[in-house]
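Asks: Below is one structure. I have some questions about it.
The values are calculated or read from the model by the stated rules, or taken from the named source; none is laboratory data. Here the structure is a predicted model, which means the values were calculated and not measured. In this analysis, Cβ positions are derived from the backbone assuming ideal geometry, glycine residues included, and neighbour counts consider all displayed protein chains. Keep in mind that these areas ignore ligands, DNA and RNA; they rest on the heavy atoms of the full protein, side chains included. Shrake-Rupley method; radii C 1.70, N 1.55, O 1.52, S 1.80 Å.
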Amino acid sequence: MLPRAVLDGVVAGEIDLAFRRWNKRMHVPGGTQRTSVGVIRFDSVDVVEPEDISEAEAARAGMTLDRLLEVLGRKPGDVYRIRLSWAGADERVALREKSRLTPRQRDALVDQLAGMDARSKRGPWTREHLELLASRPSELAETIAASIGREKLPFKADIRRLKELGLTESLRPGYRLSPRGLAVLKHLRSLDPD
């Protein structure tokens with residue numbers, strides 16, 4: 001939703017507004033979104049008339065009023081004024097660097113993975129996906145998915161579930177295991193019968 005320059009402005013406190021034209025509200029007040037710079041909070045989301053936007057509000061969005069109105073004029077829908085703030089770092093970034101796990105933390109992660117496998121309609125998949133990312137970092141998700149007979153989007157959804165646990169990280173292109181993911185995979189391999 002937001003370009004990197006805008007995100008950097010929000011983190012620096014220089015930008016606190018965004019304007020978007022949507023056919024329906026895409027964010028709600030109090031909602032958040034993870035971005036490349038951390039978590040952005042949507043403090044308010046209000047419909048406004050384009051002619052009511054001031055030059056000062058456009059500047060708070062990092063644009064001139066003329067440029068903002070030009071961009072908003074490209075699409076149909078209502079114009080929304082979104083007040084933004086930086087809510088902090090993405091907790092997954094710090095989590096994925098934590099590779100030194102206590103036995104209790106490690107066992108809890110293994111239990112979470114086992115639960116994900118148990119709830120899966122297609123059977124266990126978490127270990128397979130960890131192994132794939134360990135052996136094929138930076139490879140396109142579509143290529144890896146096809147190699148195991150899966151569609152790209154469901155495969156990527158599974159990788160995002162592992163990312164929520166701090167086990168993977170996104171690259172351009174592809175993914176890789178985080179230090180935490182490597183530690184968990186090493187432990188899982190240690191449980192294999194000789």
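Asks: Return the pairs, sorted by first residue and then second, in which the second residue is open to solvent by 50 Å² or more (accessible area, probe 1.4 Å) and of a type outside the set (Gly, Ala, Ser), the first residue lies in the stretch 93-104 and is closer than 14 Å to LYS186 by Cβ, the beta carbons are less than 8 Å apart, and the residues are 6+ apart or on different chains.
Replies: Listed pairs, sorted by first residue: SER99/LEU182.
Asks: Just to be sure I understand the filter: pairs with C-beta atoms under 7 Å, separated by 6 or more residues or on different chains, first member in the stretch 65-91 and acidic (Asp, Glu), second member loosely packed, with under 15 Cβ neighbours inside 10 Å and modelled with pLDDT of 95 or more. Which pairs pass?
Replies: That search, which allows pairs on different chains as well, returns ASP78/VAL47.
Asks: So VAL45 ticks every box in (1) within 17 Å of ARG60 (Cα to Cα); (2) of a type in the set (Val, Ile, Thr); (3) part of a loop (DSSP other than H, G, I, E, B) but one. Which box is left unticked?
Replies: Exception for VAL45: condition (3).
Asks: If you don't mind, there's one more thing I want to ask. Among the candidates SER99, SER85, which residue alone is under 30 Å from ARG180 (Cα atoms), open to solvent by less than 40 Å² (accessible area, probe 1.4 Å), among the polar types (S, T, N, Q) and under 23 Å from the mean Cα position of the chain (by Cα)?
Replies: The conditions single out SER85.
Asks: Determine if the stretch 149-171 includes at least one residue that is more than 18 Å from the chain's Cα centre (by Cα), surrounded by 14 or more Cβ atoms within 10 Å (Cβ to Cβ) and either on the phi < 0 side of the Ramachandran plot or modelled with pLDDT under 95 (or both).
Replies: Yes.
Asks: Would you check which residues across the stretch 172-194 are assigned to a loop (DSSP other than H, G, I, E, B) and buried (at least 17 other Cβ atoms within 10 Å of the Cβ) and list them?
Replies: GLY174, SER178 - these are the residues of the stretch 172-194 that are assigned to a loop (DSSP other than H, G, I, E, B) and buried (at least 17 other Cβ atoms within 10 Å of the Cβ).
Asks: So if I check each of GLU70, GLU55, GLU49, which one is modelled with pLDDT of 90 or more and farther than 21 Å from PRO3 by Cα?
Replies: The unique qualifying residue is GLU49.
Let's see how each residue does on (1) hydroxyl-bearing (Ser, Thr, Tyr); (2) closer than 19 Å to GLU164 by Cβ; (3) in contact with a Gly (Cβ under 9 Å, 6 or more places away or on another chain); (4) surrounded by 12 or more Cβ atoms within 10 Å (Cβ to Cβ):
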| position | (1), (2), (3), (4) |
| --- | --- |
| GLY73 | no, no, no, no |
| VAL93 | no, yes, yes, yes |
| GLN105 | no, yes, no, yes |
| ASP111 | no, yes, no, no |
| ALA118 | no, yes, no, no |
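Asks: For the subset of the stretch 120-129 comprising residues that are basic (Lys, Arg) and either more than 16 Å from LEU185 (Cβ to Cβ) or touching a Pro at 6+ places or on another chain (Cβ under 8 Å) (or both), which member is most open to solvent (accessible area, probe 1.4 Å)?
Replies: LYS121
Asks: So in the stretch 130-148, with the set limited to residues that are within 19 Å of the chain's Cα centre (by Cα) and assigned to a helix (DSSP H, G or I), which one is surrounded by the fewest Cβ atoms within 10 Å (Cβ to Cβ)?
Replies: Of everything passing the filter in the stretch 130-148, GLU142 is surrounded by the fewest Cβ atoms within 10 Å (Cβ to Cβ).
Asks: Inside the stretch 7-42, can you point out the residues that are assigned to a helix (DSSP H, G or I) and either open to solvent by less than 20 Å² (accessible area, probe 1.4 Å) or among the hydroxyl-bearing types (Ser, Thr, Tyr) (or both)?
Replies: Matches in the stretch 7-42: LEU7, GLY9, VAL10.
Asks: Among the residues of the stretch 140-193, which ones are among the small types (Gly, Ala, Ser) and touching a residue at least 60 places away in the same chain (Cβ under 8 Å)?
Replies: Listed by number, the residues that qualify are GLY166, SER178, GLY181, ALA183.
Asks: With (1) touching a Phe, Trp or Tyr at 6+ places or on another chain (Cβ under 7 Å); (2) closer than 30 Å to GLY13 by Cβ as the list, and LEU133 as the residue in question, which single condition is left unmet?
Replies: Condition (2) is where LEU133 drops out.
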